[in-house]
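Note sheet for the following structure.
The values are calculated or read from the model by the stated rules, or taken from the named source; none is laboratory data. Please read these numbers as outputs of a predicted model, since none were measured by experiment. Ideal geometry is used to build each Cβ from the backbone, glycine not excepted, and the neighbour counts take in all protein chains shown.
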Amino acid sequence: MEDSFPDYKTREDDIRVYFPHHEEWTIHIKRTWEKQYCYAKCPGEDYFHAILAGEIYIQRGDEKYCLDCALRHGFLTQDRLFWQRGPRPPKKMPM
């Protein structure tokens, strides 16, 4: 059977992203060609880059981040086990 996803080769090519602290954020797909810019600049650049139609981005208030910048700033992660490594609420002691 031929692979229906030619760019996805193996399990190592897993491109899933996770949102550890998602409470204040929303996720969007940009559906228009109206100009919108990422809230962060890429390293070595002195300008804000555009978020293009069809691109997935995250938003908190007026802040909009493309997925690359959201990953770079730590808002998103590719670490599937983030929930095991993150801060946990204190354990409740029995009375």
Quiz prompt | Those residues of the stretch 41-81 which are surrounded by 15 or more Cβ atoms within 10 Å (Cβ to Cβ) and among the β-branched types (Val, Ile, Thr), in sequence order | solution = 51, 58, 77
Quiz prompt | Number of the condition not met by residue 30 [criteria: (1) among the basic types (Lys, Arg); (2) in contact with a Leu (Cβ under 7 Å, 6 or more places away or on another chain); (3) at pLDDT below 95] | solution = (3)
